[in-house]
1. When the Cα centres of segment A:284-357 and segment A:28-89 are compared, how far apart do they sit, in Å?
2. Plugging the Kirkwood radius over Cα pairs into Stokes-Einstein for segment B:294-514, at a temperature of 20 °C and a viscosity of 1.002 mPa s, what D comes out in µm²/s?
3. Under 5 Å between amide hydrogens, which residues at least 5 positions from A:Gly277 or on another chain qualify, with H placed 1.01 Å from N in the peptide plane?
4. Evaluate peptide A:348-355: per residue, the Cβ atoms of other protein chains within 10 Å of its Cβ; return the mean as an integer.
5. Any chance you could count the Lys pairs in chain A whose alpha carbons are under 26 Å apart, treating pairs 8 or more apart or on different chains as valid?
6. Name the residues whose placed amide hydrogens come within less than 5 Å of the amide hydrogen of A:Thr380, ignoring near sequence neighbours (fewer than 5 apart) on the same chain.
7. Rounded if a/c is under 1.5, else prolate if a/b is larger than b/c, else oblate: which is the protein assembly as shown, with a ≥ b ≥ c the root eigenvalues of its Cα gyration tensor?
8. Tell me, what ³J(HN,Hα) does each residue in segment A:30-35 have, in order and in whole Hz, if you take phi through Karplus 6.51 cos²θ - 1.76 cosθ + 1.60 with θ = phi - 60° and put x for Gly and Pro?
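Readers should treat all values here as calculations from the given coordinates under stated rules, not as data from a laboratory. The structure displayed is predicted, hence computed values, not measured ones. All Cβ positions, glycine included, derive from the backbone under ideal geometry; neighbour counts span all protein chains shown.
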Amino acid sequence: MVVGDISTGTEVLVIGAGPGGYVAAIRAAQLGLDTTLVERDAYGGVCLNRGCIPSKALITGADTAHEAAAAEEMGIHADPAVDMAGLQSWKDGVVDQLTGGVEKLCKANGVNLVEGTAEFASEGTVRVAHGGEGQGSETLEYEHAIIATGSRPIEVPGFAFDGEHVLSSKHALDLDSVPESLVVVGAGYIGMELSTTYAKLGSDVTVVEMLHAALPAYEEDVGRVVRKRAEELGVEFNFGEGASEWEPQGDGVRVTTETEGGETATYDADTVLVAVGRQPVTDTLGLENVGLDPTERGFLDTDDYGETNVDGIYAVGDVAGEPMLAHKASAEGEVVAEVIAEEPAAMDFQSIPNAVFTDPEVGTVGMTEAEAEEAGFDPTVGQMPMHASGRALTLRESEGFVRVVADADTGFLLGAQIVGPEASELIAEVGLAIEMGATLEDVGSTVHTHPTLSEAVMEAVKNAEDAAIHTLNR
Amino acid sequence: MVREFTLPDVGEGLTEAEIVSWLVDSGDAVSEDQPVAEVETDKAVVEVPSPVDGTVREIHAAEGEVVPVGDVIIGFDTDEDDDAGAATTDTTGGADDETVESAVSAVAETDDAPAEHVFASPSARRLARELDIDILTVEGSGPGGRVTDRDVRSHAEGDASTEPEPKPESAVQSATTAVGDEVDELELGGGASTVTEGEADRDRTLAAPATRRLAEEEGVDIDAVSTEQTRDGEAFVAPEQVREHAAGGVEQTAPGAEAETGEAGETPAGGVDLDPLPDAEVQRRETREPYTGVRQTIGEAMEESKYTAPHVTHHDEADVTRLVETRGRLKPEAAERGASLSYMPFVVKAVVAALKQYPILNSQLDEVAGEIRKKHYYNVGIATATDAGLMVPVVKDADRKGMLDIADEMNDLVEKARDRSIAPEEMQGGTFSITNFGAVGGEHATPIINYPETAILGLGEIKEKPRVVDGEVVPRHVLTLSLSIDHRVIDGAEAGQFTNTVKRYLEEPELLLLE
Ligand SMILES: Cc1cc2nc3c(=O)[nH]c(=O)nc-3n(C[C@H](O)[C@H](O)[C@H](O)COP(=O)(O)OP(=O)(O)OC[C@H]3O[C@@H](n4cnc5c(N)ncnc54)[C@H](O)[C@@H]3O)c2cc1C
């Protein structure tokens, strides 16, 4: 033991206070377990501080400015000036309110909060190094440990994040002025959300993507709608190109890209944002000291109860694998806390919804038609285009569609892909239906409010039953 | 060791295939990749190669049998080590073991949904864990076989479905043998549940929409269906209970009722003339053949096209006297170069030339994107009659190929389609199709578009007919043309202009030299 160490014991030790860790800690404490939560940076983790929440705040700001300026067809004429510093301070206010709330909730539920960086010392003990130099450290003994250390952005070789020329998503959420021009490397969900945001705030955005579609992880027709709209907003796409290097160019950057065939191109801009994915944070935890072996990509394998292959050590959230999403982290956190409290919980989610806050939004859940087929179902598909939705037209957002996938034999809902306004909200209904084992008929026979976007879900379901009223059935 | 081999996915998205013939017998020695069976998918007949060196131990599927992908079709004895360790180190073997296992648990389920997927609410799943039950072994009574909390409970209490429902009886017993506390209990349990006649009379009943619909179909008043289940303190009725009620209340013991409703469920409403077991008389009067494989695929494609695209067919005729002469002159030349030159390559060339002038006929309507996609490549499908039915092999990039190349490729593809060795890719990606219905005789037809293409040209038989040329009736070679278009994207005028252009190239074939 290092001099100055003090040692305390806890039943449940949670490392990392993101949506995985803080939820696990609160639930464990609720269930009467003595719980300690260690966080080295800020309560709420990536999600609250530099992910979901700040990005959605900026997207709302960008949307507000853009919509006001683009409402002439409605007879509304405005030329809003965006004060980026003002937008940032509003966003920071939202973040502070939420992170403060997390801290209060933890305390109110009796979670012991420890600030510092945790590292496994041996089986059953963790060393926490406090803040800066000389602040000392302490050793914590645990019966059960929950690893919830989240993820960090992947760096492209040659593109070390410096916050000035080369930005990570975190930097891009903290800019105090709108760059005139911006190169975005990666057209995944983070790249597309930020490209759309900055395009709406007035930047000239150029997207470089190695694959051949925007949102390449989604079905082709989903990404196509998002790409089309982004292009209308002035975003320029260069597919099939990977960023290979950059150099300073005046005050800005010159980014060089390369195709598979070796052709190069250069793009000049104020800055370059690299958003090519995220990797789990498992390399700084002293995992070797407890015999834990991450996978090649750095994830921790877990079983249906969230337990790793070391007894008593659990993992939740981004470290436990795809999908790397906040609600998945929280759901896992709750399950693990209940498992430790010997409740009959398990990770038996039938589906985890997924949202992209582009324009229009994307929401998916469960299986695509192809996945359903692969899983051995005989899928039937129903679709409703947004332009047939009255509410979508009154929102001036008629791009996209709702598509549902169900098992033809039993009618059970298996999945949905939604592109359109509020897709992130609409997807929840299908998620509930899948989780409840509802059939097409159950959802189709549930009366939906008019005029709302949720009617499009009902119509898509009816379309799968060949009984849609507002679209042609086929 | 023994290797069980499951039917692989031999084509995209395939779920089942028919075993056409076995190329090996039990006891035969086989080497890896040697074809062991021919199976017919919905697109073509393909060969299934042996995964191992060894001998055939047993054949599990008969010729003519339709087998789902993933089912074991053949077993091999291999020379590999026979100890258990070898099986686990052999990754393919391990995977196969798993397949076999999951196939077994899928059978245990009521429907054949893939095993890992559970159709039950989160609360039912949690209850199952609490009661230490594998939810996959619970028979669901909800719509489509959904597992409810009650199903889990009755499973835990011993397989309730194999015994008469014990609940009402014991309720009666306790009600008659005891007074006081028991009465309270009964009331708490919900009065309706203890009505022994099997008739309830509530004001309000909770049930899923599908259950209400079932009740309506069965003519059952859902408030009269007895139930012990409650949700939020209100009576809750499941479909099974509606069926029981319809079948005559609780006197009917559960197994009987289930068996009956099970059968009733399979008879389509108003199912006329679909008696499942035709008697000898019926068998004499008609022959029944399964609607599967290629036949079903053709049927579905036709159905989709005809119900999606409003068809209009434009008829015309071309005077192909000069084409007949030209082809007659070129034929020996082509033969010398080893090609057999029919009229079809000329038609393909004429069509491609006309498509370039009227690109809308070389298009596709993308309903989802709300876009009409005009193709700048010319992949011409040639409808081909085969013994198994209609197939449409595609000559790709016909605009970039010479007449003889087209002739060669087409003959080759058509032959492959006829002997069923054509690959699925060779029948995909068409942008326009031609059907030569005249090959079996006939003047005009109304061809069905090869959806999602938007046009198809039908060719009649070339015949000598009297036609008026310069005021005189003379014999001419006449080819009739029937062009069907998708009227959503193509108008009649365009169809006419396109046909006129094709006609011009066929009437003056030397124009093709300029293409
Ligand atoms: C720009 C952006 C937008 C996003 N938008 C969305 C969205 O809209 N919806 C969505 O669902 N997800 C979104 N995400 C993803 C989401 O943020 C993550 O999935 C989520 O935060 C994962 O939660 P977590 O608890 O696993 O880890 P994290 O939130 O990453 O939290 C881990 C915490 O552990 C701490 N930590 C790490 N190591 C140690 C240590 N050794 N000792 C002590 N503390 C440690 C870290 O400081 C951090 O606070 C977004 C991410 C980004 C970057």
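1. Cα centres, segment A:284-357 to segment A:28-89: 27 Å.
2. D = 120 µm²/s.
3. Under 5 Å from the amide H of A:Gly277: A:Ile154.
4. 2
5. Close lysine pairs under the 26 Å cut-off: 17.
6. It is A:Ala406, A:Asp407, A:Ala408, by chain and number.
7. oblate
8. These are the phi-based 3J(HN,Hα) values: 4, 8, x, 8, 6, 10 Hz.
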